[in-house]
Every structure is written in C-alpha cells, then in structure tokens.
1. Considering only the stretch B:20-48, how many residues are under 20 Å from B:Glu63 (Cβ atoms) and part of a loop (DSSP other than H, G, I, E, B)?
2. Pick from the stretch B:98-125 the residues that are over 25 Å from B:Asp216 (Cβ atoms) and exposed (fewer than 14 other Cβ atoms within 10 Å of the Cβ): which of them is farthest from the other protein chains (Cβ to nearest Cβ)?
3. Mind checking whether some residue in the stretch B:125-134 is assigned to a loop (DSSP other than H, G, I, E, B) and modelled with pLDDT of 95 or more?
4. Quick one: is B:Thr182 more than 13 Å from chain A (Cβ to nearest Cβ) and among the hydroxyl-bearing types (Ser, Thr, Tyr)?
5. Test each condition in (1) modelled with pLDDT of 95 or more; (2) farther than 23 Å from B:Ala111 by Cβ for B:Ala171 and report the one that comes out false.
6. Is it the case, given these coordinates, that B:Gly80 is touching a Leu at 6+ places or on another chain (Cβ under 7 Å) and assigned to a loop (DSSP other than H, G, I, E, B)?
7. Which one of the conditions (1) modelled with pLDDT under 95; (2) part of a helix (DSSP H, G or I); (3) over 30 Å from B:Trp221 (Cα atoms); (4) not basic (Lys, Arg) does A:Pro134 fail to meet, given that it meets all the rest?
8. Within the bounds of the stretch B:238-250, is there any residue that is in contact with a Phe, Trp or Tyr (Cβ under 6 Å, 6 or more places away or on another chain) and within 14 Å of chain A (Cβ to nearest Cβ)?
Amino acid sequence: MSTTIASPRSPYSAPRNRGVNWEKWGWIYMRASGVVLIILIFGHLFVNLVLGEGVKGIDFAFVAGKWANPFWQVWDLLMLWLAFIHGGNGMRTIVNDYATRPLTRKILLAAILVSVVVEIALGTVIIFAFDPCPVGSPADLLPSFCPVNQ
Amino acid sequence: MTLVADSPAGAPVPEAPIEAFTVTLIIRRFDPDVDDEPRWQDFDVQMFATDRILDALHKIKWEQDGSLTFRRSCAHGICGSDAMRINGRNRLACKTLIKDLDISKPIYVEAIKGLPLEKDLIVDMDPFFESFREVQPFLQSQTAPPKDKERIQSVADRARFDDTTKCILCAACTSSCPVFWTDGQYFGPAAIVNAHRFIFDSRDEAAQTRLDILNDKEGVWRCRTTFNCTDACPRGIQVTQAIAEVKQAIMRGKP
C-alpha cells in the first residue's frame with residue numbers, strides 16, 4: 001500500500017494490474033445477464049404457465065415436446081448458464097461480504113463453485129442428451145406417445 | 001416590504017426562560033489500559049434544544065468525567081474531526097442538534113465502525129487516509145499553466161465535479177459502508193469521492209492513472225450501491241452517484 005507518486009515530469013506509468021479484470025467483468029456480467037434473464041425467465045413462465053392449458057398442461061410429454069425443438073433447447077440452455085453463473089456470482093459476493101474467517105470463506109466459496117459447475121454440467125447434458133423414448137427400454141416404462149406404444 | 005413592528009413601541013416582550021431538558025447519553029467507552037471490551041456508560045446532562053451532541057460531550061468531559069475522549073476541532077462541521085455513530089447513524093456530533101433527536105429515549109453515541117478503536121470515541125484513521133492517499137488526490141498536469149496566469153476552467157467544467165469538492169474527510173461515509181466493515185482493503189467511498197473530484201477535473205491529466213487504480217480488485221467494483229454512504233454524508237454529497245460515475249468512466253476508458 002504505497003503511494004505511486006512518480007518523479008516530476010515523468011511519463012504516465014503503466015497500470016498496476018495486467019490481465020483479465022475479473023471484478024470488472026463480473027460486475028458487467030451481473031447487469032447484462034440480469035437484463036437477458038428477465039426476458040428468458042418471464043418468457044419461460046408465460047409459455048409454461050399461461051399459454052395453452054396453462055399449468056395443467058405441464059407433464060412429461062410437454063417437456064419432451066419442448067426439448068424436441070432446438071429453439072427451446074437453446075432457450076433453456078441460456079437460462080441455465082446465465083442464471084447459475086449469475087446466482088453463483090451473487091452468492092460469492094455475499095460470502096465475501098459476510099464470511100469474516102478466511103477458512104469459512106474458502107469452504108463456502110468452494111461449495112458454491114462445485115454446485116454451480118455440477119448443476120450446469122448436469123443440466124447441459126440433460127438438455128441435449130434427453131431422449132423421451134430410449135431404444136430398448138421396456139414398453140411399460142415409456143410414455144404413451146412413444147412409437148413402441150402406438 | 002416595509003418594516004413595521006408588530007408589538008407597540010416601547011413595550012418589549014419579556015423573554016421567556018429557555019427550556020432545558022435532561023438528556024441521557026449512553027456512550028460506548030473503551031480504555032485500552034483498563035478494558036478488554038468496550039462498555040456502555042450513561043450520563044445525564046442538562047441541554048437546550050438548540051445544543052448539539054458535541055455540547056453534551058463537552059459538558060460530560062468538563063463537568064462529569066474528564067476521561068471521556070473524543071476528537072473535535074472547529075466544532076462547526078468543516079474540519080471533519082467528530083464523526084461518530086449517534087443512535088446508530090454516522091453523523092457529525094457538531095451538526096446533530098438535540099431537538100432533532102428523540103430525547104424521551106437515551107441517545108446512544110459510539111465510535112465509527114470499521115476502523116480500529118483506540119479509545120472511547122477515537123478510532124485509528126490511518127487506514128482511511130492511506131486509501132485516500134492512494135488515489136493521488138492532487139492536481140497533476142504535465143503542461144505548465146499560462147505565464148503568470150491561473151489555469152482557466154469554464155463554469156460548466158467546474159460544475160462537473162462540484163459535488164465531490166465538498167468532502168471534509170470525516171470518514172462518516174467509509175465507516176458506514178458494509179463492504180468496508182468486512183473488507184478493510186476496499187478503498188471506501190471517501191477515497192473514491194476524492195478521486196472523482198480530480199478524475200472529472202478538466203485541468204487534471206492523470207485521470208487514467210486514477211481510473212486504473214480504482215479498477216483494482218479492491219476498487220469501485222466492490223461497491224454494492226447500498227447508499228449508506230450517501231445517507232451518512234454530513235455534507236450531502238451524492239456519494240453513491242459519484243462512485244457510479246467512476247464505474248462508468250472506467251468502462252468508457254476515459255472521464
């Protein structure tokens with residue numbers, strides 16, 4: 001923590017920190033993702049709960065139908081990534097503000113990081129690998145719209 | 001308007017005696033030679049409605065307990081020595097009038113938070129001034145001013161940073177900031193306000209250096225816009241807005 005007073009008439013010195021400024025990009029990310037998430041989440045809620053039969057229309061077939069469409073795959077993928085990183089970064093901020101002991105802070109931050117990575121990985125795999133009618137499954141376990149049952 | 005006396009001439013109204021109140025102050029005392037932990041001690045003082053908390057502290061120190069320790073200098077809200085936490089809010093003791101407080105209840109007075117407590121109402125201000133010095137709060141210019149003349153500035157250019165020139169470095173804002181309470185490395189609102197004062201000064205040429213300093217991990221991005229600093233400022237500086245303007249300047253890359 002020393003002052004950086006240059007000698008008189010010396011040219012402007014190089015900035016102190018090089019490389020990616022995570023704090024700055026984190027701050028920008030929170031605002032940008034927040035705006036996008038408002039559209040994504042309210043669009044998601046409207047389509048699921050209001051359009052068509054509303055909340056009664058949600059069942060396995062409804063989800064399977066949505067994820068058969070690349071548009072909804074991308075929508076849900078964006079929502080998953082943006083929301084989890086947004087929430088994780090927000091939790092990190094809160095932990096930094098309130099966890100006073102370094103060990104507590106480290107443990108909580110690690111727990112947040114692990115949960116964000118695991119949930120994003122699981123969610124991404126499910127969105128793309130989802131198959132409502134896996135080949136070779138017993139017919140009684142498959143939903144009614146699968147070709148085996150028709 | 002014409003000046004007409006309301007009362008008949010020659011009949012001065014006898015002045016009513018000014019009403020005095022007994023005010024209870026509960027002060028958080030700490031003597032490092034005796035106490036392990038700070039303790040609360042209460043004092044009763046006779047005060048007028050127009051008196052200030054600083055007058056109450058003076059009365060206690062001069063008439064009841066000479067060991068009470070606090071900083072004050074000008075006693076008129078300019079020197080910024082007597083910032084303290086009065087009823088849970090950071091204020092200047094010399095600008096807080098008794099009549100503005102609810103004296104039916106005791107008034108709690110304690111030192112500002114987030115800085116090391118030294119004695120009673122005195123904290124160690126070194127970390128605060130350290131971050132103030134780090135933002136280089138002085139005019140820097142590589143060019144000489146016009147010969148035998150001052151550096152001319154337009155009224156609009158001067159108005160750009162007028163709000164942040166009002167800072168008296170009392171630390172009321174920085175010690176009300178929850179981020180500063182837990183992260184002592186954060187520059188704090190006061191340092192950013194004083195950086196703002198030079199970043200947006202058209203005569204200054206080191207804005208980029210200051211923006212780089214405040215772009216640090218412990219710089220402006222730590223701010224959570226809780227507005228505690230704006231509420232606490234005894235000079236009414238829009239502190240949170242100044243911090244937001246510095247954030248925008250960093251993103252633009254220029255003031």
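The values are calculated or read from the model by the stated rules, or taken from the named source; none is laboratory data. Predicted, not measured: the structure shown is a model, and the values here were computed from it. Don't worry about glycine lacking a Cβ; one is built from the backbone with ideal geometry, like all the others, and counts go over all protein chains shown.
1. Count: 1.
2. At the first step, the residues of the stretch B:98-125 found to be over 25 Å from B:Asp216 (Cβ atoms) are B:98-111, B:117-122.
Now drop any that are not exposed (fewer than 14 other Cβ atoms within 10 Å of the Cβ), which leaves B:99-100, B:102, B:104-105.
Numbers: B:Lys99: 37, B:Asp100: 31, B:Asp102: 31, B:Ser104: 35, B:Lys105: 30 Å.
Among those residues, the one meeting the criterion is B:Lys99.
3. Of all residues in the stretch B:125-134, those assigned to a loop (DSSP other than H, G, I, E, B) come to B:125.
Keeping just the survivors that are modelled with pLDDT of 95 or more gives B:125.
Scanning the stretch B:125-134 turns up at least one residue that is assigned to a loop (DSSP other than H, G, I, E, B) and modelled with pLDDT of 95 or more.
4. On the way: more than 13 Å from chain A (Cβ to nearest Cβ): no; among the hydroxyl-bearing types (Ser, Thr, Tyr): yes.
Against the criterion (more than 13 Å from chain A (Cβ to nearest Cβ) and among the hydroxyl-bearing types (Ser, Thr, Tyr)), B:Thr182 does not qualify.
5. Exception for B:Ala171: condition (2).
6. Values: touching a Leu at 6+ places or on another chain (Cβ under 7 Å): yes; assigned to a loop (DSSP other than H, G, I, E, B): yes.
In short, yes.
7. (2)
8. Looking only at the stretch B:238-250, we keep the residues that are in contact with a Phe, Trp or Tyr (Cβ under 6 Å, 6 or more places away or on another chain), and these are B:240.
Next, only the ones that are within 14 Å of chain A (Cβ to nearest Cβ) stay: none.
No: zero hits.
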